[in-house]
Structure formats: structure tokens, C-alpha cells
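Down below is the structure, laid out as C-alpha cells.
Taken together, the values in this text are just the output of simple stated rules run on the coordinates, not laboratory data. Not measured: the values here are computed from a predicted model. Note that we place each Cβ from the backbone using ideal geometry, even for glycine, and neighbour counts take in every protein chain shown.
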Amino acid sequence: MMDWLQLFFLHPVSLYQGAAFPFALLFNYLCIMDSFSTHARYLFLLVVGGALAVAAMGSFAVLVFIPALCTVVLIHSLGPQDVHRLTFLFQMSWQTLCHLGLHYTEYYLQEAPSTRFCVTLSSLMLLTQRVTSLSLDIREGKVAAAAAAGGIRNRSSLSERLWKALPYFSYLLFFPALLGGPLCSFQRFQARVQGPSSLYPRHSFWALTRRGLQILGLECLKVVVRRAVSAGAGLTDCRQLQCVYVTWSTAGLFKLTYYSHWLLDDSLLYAAGFGPEFGQSPGEEGYISDADIWTLETTHRIALFTRKWNQSTARWLRRLVFQQGRTWPLLQTFVFSAWWHGLHPGQVFGFLCWAVMVEADYLIHTFANVFVRSWPMRVLYRTLTWAHTQLIIAYIMLAVEVRSLSSLWLLWNSYSSVFPTVYCILLFFLAKRKHKFN
């Protein structure tokens, strides 16, 4: 498990995101200049995004460029009712083939995957979000269909076709969201590029400084936690209740890493002018940051944790899968999430377990609101459910992150399995009682 931990924490994405900051600030500065046309802005975001992809992924960058190109062709060739289904199938098929390459390397060849290939897969997953978000917007009429507007027609010259395709290319590959960051809708992207600069020197300086200090604090805390995890036992040699501590502390290290990455990604988007201060288009949902750390660390509800964890992705999954599902939408959402993440054994188990825990959480708290009345009992109840929630989330996170069957087997046989088992038992009995009441 330590090899995977080292790969996770030494991931170079943060380095490349940091290197992109000067270009984000330059983009904002150029937007202030009236001579920086809209087409020039689109080109700037696209060219820097392409250069960043090549720098971070090397030759694997072609695995991101190809689906982006095919998506633009499909958008300009299909009507609004067909574009989402076909772009979704193509993008997920392409991403799945790339994930199968990772499976082949890890499980068949028994070799460590290339770091650049892992960065490429991460970027592909983010590209899938933008592709499906754009195709849904077109189907729902929020964005005009390029084909209906005469996007690529024989009557148009090649240069006209390229200019009309430029906003879509730029959106799919724009550098602030290429390697990380909350999902930015095409409407918001287009309004930002076509509008004036949204950053003012004084406000932007203090906002970015505050985010920088938060990242620094998280990194310092991560060093302390990492030393504690490295000095202690692992899942292979822990005993009884010690395994609970190992699970909780290791998951804490994962969470700190995610928080730090999310804040860095959010800062890059803000520096480029795509942050929360920029006004959204009419009818568009507002900007949300992925890292709501206070809620994630204090909630006693697994369902609330699920909605707040990686918020933009949770909102994307809700729109893409949950709201479209007619039967078992919660289960469909978590099954798709496992597919989107790569279908590793630990991910399949982890996301299915997560779905069951959310369902149990709804029933447990529904009954608790009826029977737990007094103030002291409510305090005790919230304390116990907070601890239980954090330990279950730690269990799920470790299952998803370690991925392999051998590590998953160690997790299954540890004392940490007690906590999700308790929720499964409560789900069984409370579901029967609910049926009886109905």
C-alpha cells in the first residue's frame, strides 16, 4: 500500500498547476486591454492549455486531444436531441479504454504505471465532465446547438468553420481546468471570455493570499500526519483496534492532500478570472468550491458529507445520472462514479459501500429525529454519529484509494469493518420497520 501512497502524494499535478499561475494572471491582465480580442482570448486559453498538456503528459497528451477534437466534430454534426447520447458514449468508451490500459499495466504486467499516464487519466476524467456538461446544456437548450446554428456546413469556408469551433476547443482544453479545479460550465466560460476582467488588484491579492496561507497550513499539517502514519503500523501488521487508528489516520492524510489540491485548483481558476466573484449567466447555477472543509470535518451525516465532498463533481453526477435515473437513482449514481473512476476492485467495493451507507444514513436520521428528543440525548447522538460518520468515510476512502484486491482484503479483515457493518444491520432493521409503518 505504501507504493500507492507515495505515488498519490508525490503527484506532479500541483507543480504544473503552480507553473500555470503566471499565465492565469497574464490572461487577466490582457483582458483589461481593449486590444485583446475575444478570439485572441480563446486562442490564448487553448494554446497555453495545449502546452500545459504536453508538458505534464508528454506524448500521452494525444489521448486528451483526440476526444476533444471528436467532441467538437460531434457537436457541430448532430442535432440537440442526439448530441448528448453520442458524445457521452464516445467519451466514456474512450476513457474506459485508457483505464483498461492502466489495469493491464498494474494487474497483468505487475508494473508501476507511468506518472504521466496517470496525469493523463486524471485530465481525461475532467474532460469527461466538461464534455457531458456541454452536451447536456445543448440538449436542454441552455447553449445553442452548433449544428442547428450552421456550425460546420459546406457553405462555410474552412477558416469560418475553425473560428466557430474555437470556443468549444478552448473550453474543452482551457488551461485553468485542464489538470484540476471545479467544473466550469460553458455558459460561465463564454461569459468570462467575452466579458471584461473580473479581478481587481487589491481584492485579488488578498483573496489569493488567503488561499495561499490555507494551502501552506494544510501542507504543514500534512507533513505532521504523514510522519505519524509512516512511523506507525500499516494494514499489514496492525492488530485489532490499532487497525481503526491506521485507517482513520491514513484517510486523514488522503483528505488533507485532496483539500490542498482543491484549494490550489480553485486559486488557479480565481487567478484566471473564473472564480466566484465573476457574475454568472441568467439561469446558471452559481460557482462552488470543491473544498468545504468545515462541513466535511464537522458533519454527522454521511449524506451531507457526500454532497459536500468534491462539490462540483457531486453536482455534476447528480445532474448527469441521479436526476435522469428512474429506478434506484442513488445506486446508479455510485455505480457510474465507480465506472468513471476506473472500475478498480477497491473502487467498485468502495462506491457500492458508500451507496449503502448513504441509504442507511437517511433512515437512521429519519428515525432519530422522531425518537431522540431531549437536548442531552441529541448531543450524545450527534457526537456518536459524527465519530461513526468519520470512521465510515475513512473506511470507504481507504478502499477507493488503495484499489487492489490484496489491500482490500486486509481492510475487510480489520476491525474497521465493524463500523459499516453496524450501519448495514441498522439499514436492514429500519427498512423493515419503515415498511411495517407504511
(request) Would you mind telling me which residue in A271, A251, A40 has the biggest mean-square fluctuation in a Gaussian network model of the chain, where springs connect alpha carbons within a distance under 10 angstrom? (result) A40
(message) If I model a spin label at E111 and L430 as a point 7 Å from the Cα along the Cα→Cβ vector, what separation in nanometres do I get?
(response) 4.9 nm
(request) Can you pull the one-decimal nm distance between simple spin-label points at T327 and A51, each 7 Å off the Cα toward Cβ? (result) 5.3 nm
(request) Can you tell me the order of 20-30, 398-408 when each peptide is scored by its average per-residue count of other Cβ atoms within 10 angstrom, highest first? (result) 398-408, 20-30
(message) Within the chain, which whole H helices from DSSP have a Cα span along their axis of at least 27 Å and a mean Kyte-Doolittle hydropathy of -0.5 or more, if any?
(response) 38-57, 83-103, 115-139, 201-231, 241-271, 345-371, 375-402, 418-437
